[in-house]
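Enquirer: One structure, as structure tokens, below. Some questions next.
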Amino acid sequence: MLRNKKGQTGLGAGVWNLGVGSDPFGGPVRESVPILDRLPLLAEAGMTYFEAHDSEIPAEQVEEAKARAAACGISCGMYTPSYFASPVFKDGAMSSNSPEIRKLAIENGKKAIDSAAVLGASTVVFWNGREGFDFVLSKNGREVFQRLLEGFNQIGQYAKEKHGGAVRLAIEPKPNEPRANMYLATVGEVLYLISRLDPALQHLFGVNPETAHSRIAGLDYVWDVELCLEAGKLFHIHLNSQDSQRYDQDLPFGYTEPLKDLALLVVLQDAGYAGIVAFDVKAPRPDEQKDIADILTVSAQNLVWLWEKALAVDRGVLQALRDEKRNTAIAGYLARCLYGSVE
Ligand code: XLS
Ligand code: MG
């Protein structure tokens, strides 16, 4: 629980965070925990909300998942259509060159909204997955943008008519992986896309920034989140860490850049962010089966510690240093708040 937070104070995590440890170079190293058996593991790790893809908890299973989650005291915070796992989406979903595949992607998006409503989740995330290209000119980028507009407009219209805005839609940017280049690569690109959607639907659309994805793009995640907040579009957030600009690592939150994480929490507190704070992390390959949830407990512990430290940051001191144009001293003050001081 995040003390003095506005709105939802519990933490969330994905059922996919507790995977079998496979990577592009090797298969599973742990037994696969059946998806619904991961719900009690998330609850024991201190999560209030679980998140799942339609490929993990399909529409036919949502009632059962809801009951299993309720039995261990958690609920669905976010649900999301997988636009990456099935071979049918190997060259994109809503951006595909094939009209049948685009249609299927839109249908899956609508179905995910219905499932989210049954689960009681207020947010459906659209991660760009395989929306992208490995070779230039394999798709016409201008047409792709129109396809994305058309797809999201149709999905937004459906959400509005069927659920009257009870389910909000958050697009999650990522610059690469699994594709060499991905459409909707950055927060700025997603905000631009939203600004081009049907004005009557734009209020349903927001962003789910992920700290590591900004880092993979070489961007600063504090500014990315500030930009979402300024636009009134921070609908959800995925926290994790990234050890430099390489492959997507999904390391524990608070691990690589604690000072920047502290600053991020100051920003969220000052903006009165009321939505769910969730982790998108990955149990590392070497971790034993019995320790599979360490990635969550470490992330949660780091977050709670940093959240408390962020509450203690004296905003008056920050403002005074800003007024005095002492930028380096601001860095020093944050470090002092983080590391403490030896008097
Ligand atoms: C992958 C994404 C993914 C989304 C949900 O990099 O972060 O896990 O959060 O599809
Ligand atoms: Mg994510």
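Enquirer: Could you pull out every one of the lysines with an alpha carbon less than 28 Å from that of Lys309, ignoring same-chain neighbours closer than 8 positions?
Expert: List returned: Lys5, Lys6, Lys233, Lys260, Lys282, Lys325.
Enquirer: Identify the chymotrypsin sites (Phe, Trp or Tyr not before Pro) of the stretch 128-205 meeting these criteria: DSSP loop state and at most 15 other C-beta atoms within 10 Å of the C-beta. Before the final figure, lay out the partial values.
Expert: Details: sites: Phe133, Phe135, Phe145, Phe152, Tyr158, Tyr183, Tyr192, Phe205; in loops: Phe135, Tyr183.
Sites meeting the loop and neighbour criteria: Phe135.
Enquirer: For helix 327-339, report the angle its Cα long axis makes with the longest principal axis of the Cα atoms of the chain; keep it between 0 and 90° and round to the nearest 10°.
Expert: Approximately 90 degrees, to the nearest ten.
Enquirer: Here is a further query. Ignoring ligands, DNA and RNA, please state the percent of accessible area on the chain from carbon and sulfur, probe 1.4 Å.
Expert: Values: 8220 of 15220 Å².
Here carbon and sulfur together make up 54 percent of the probe-accessible area.
Enquirer: Accessible area per residue, 1.4 Å probe, Å², for the chain: what's the number? Show your work: numbers first, answer last.
Expert: Numbers: 15220 Å² over 343 residues.
Counting only protein heavy atoms, the per-residue value for the chain is 44 Å².
Enquirer: Taking Cα atoms, how many degrees apart are the long axis of helix 62-71 and the longest axis of the chain, rounded to 10 and kept between 0 and 90?
Expert: Orientation of helix 62-71: about 30 degrees from the principal axis.
Enquirer: Modelled label-to-label distance, Tyr192 and Ala59, 7 Å Cα→beta-carbon offset: nm?
Expert: 3.4
Enquirer: Separate question: So what does log10 I(q)/I(0) come out to for the stretch 1-147 at q = 0.12 Å⁻¹, using the Debye formula with one equal point on every Cα and no solvent?
Expert: Debye intensities relative to I(0), on a log10 scale: -0.59.
Enquirer: A follow-up question, please. Counting only other residues whose beta carbon sits under 12 Å from that of Asp280, what net charge do I get with K and R as +1, D and E as -1?
Expert: -3
Enquirer: From the backbone phi of the stretch 181-196, what are the Karplus-calculated ³J(HN,Hα) couplings (6.51 cos²θ - 1.76 cosθ + 1.60, θ = phi - 60°) in whole Hz, Gly and Pro given as x?
Expert: 9, 10, 6, 6, 6, 9, 4, x, 5, 5, 5, 5, 4, 4, 5, 9
Enquirer: Summing Lys, Arg as +1 and Asp, Glu as -1, what charge do residues with Cβ under 12 Å from the Cβ of Val29 carry, Val29 excluded?
Expert: -2
Enquirer: For a protection proxy built on the mean count of beta-carbon atoms within 10 angstrom, sort 243-255, 6-18, 25-37 highest first, please.
Expert: 6-18, 243-255, 25-37
Enquirer: Restricting to bridges with both residues inside the stretch 116-210, how much of the DSSP beta-bridge set is antiparallel, in percent to the nearest 5?
Expert: Of all bridge pairs located within the stretch 116-210, approximately 20 percent are antiparallel.
Enquirer: Rounded to the nearest 0.05, what FRET efficiency do Asp243 and Glu177 give with R0 = 22 Å and r taken as the Cβ-Cβ distance? Could you check? The partial results should precede the final answer.
Expert: Working: r = 15 Å, r/R0 = 0.67.
Once the sixth-power term is evaluated, E becomes 0.90.
Enquirer: Viscosity 0.692 mPa s, temperature 37 °C: what is the translational diffusion coefficient of the stretch 76-115 from Stokes-Einstein with a Kirkwood Rh over Cα pairs, rounded to a whole number of µm²/s? Present the calculation step by step, with values, prior to reporting the outcome.
Expert: Values: Rh = 10.4 Å.
Here the translational diffusion coefficient equals 315 µm²/s.
Enquirer: Right, another one. I'm checking a number: the convex hull volume of the Cα atoms of the chain, normalised per residue, in Å³. What is it?
Expert: Here the figure is 150 Å³ per residue.
Enquirer: Using 0.36 nm per residue, how much length does the chain from Glu100 to Trp305 gain when fully extended, once their Cα-Cα distance is taken away?
Expert: Working: separation 205, 0.36 × 205 = 73.80 nm, distance 4.88 nm.
Result for the pair: 68.9 nm of gain on full extension.
Enquirer: Next up: For the pair Lys160 and Val88, what calculated FRET efficiency results from E = 1/(1 + (r/R0)^6), where r is the Cβ-Cβ distance and R0 = 35 Å, to the nearest 0.05?
Expert: 0.80
Enquirer: Right, another one. When you take every Cα atom in the stretch 117-165, what is the radius of gyration, and what is Dmax, the widest Cα pair distance, in Å?
Expert: Rg and Dmax of the stretch 117-165, Cα atoms, are 14.3, 41 Å.
Enquirer: Now, a different point. Of the DSSP beta bridges with both residues in the chain, give the percent that are antiparallel, rounding to the nearest 5.
Expert: 15
Enquirer: Pulled fully out, how much extra length does the chain show between Thr297 and Trp223, if you take 0.36 nm times their separation in residues and subtract their Cα-Cα distance?
Expert: Once the chain is fully extended between Thr297 and Trp223, it gains 24.0 nm.
Enquirer: Shifting gears a bit: Before rounding to the nearest 500, sum -39500 (n - 2.57) across all DSSP H runs of length at least 4 in the chain and divide by the residue total; then give [θ] at 222 nm in deg cm²/dmol.
Expert: Calculated at 222 nm, the ellipticity per residue is -13000 deg cm²/dmol.
The values are calculated or read from the model by the stated rules, or taken from the named source; none is laboratory data. This one's a predicted model, so the numbers in the text were calculated from it and none came from an experiment. Every residue, glycine as well, gets a Cβ built from its backbone with ideal geometry; the counts of neighbours run over all protein chains shown. For the accessible areas, the whole protein counts, side chains as well, though only heavy atoms, and no ligand, DNA or RNA atoms are used. Shrake-Rupley method; radii C 1.70, N 1.55, O 1.52, S 1.80 Å.
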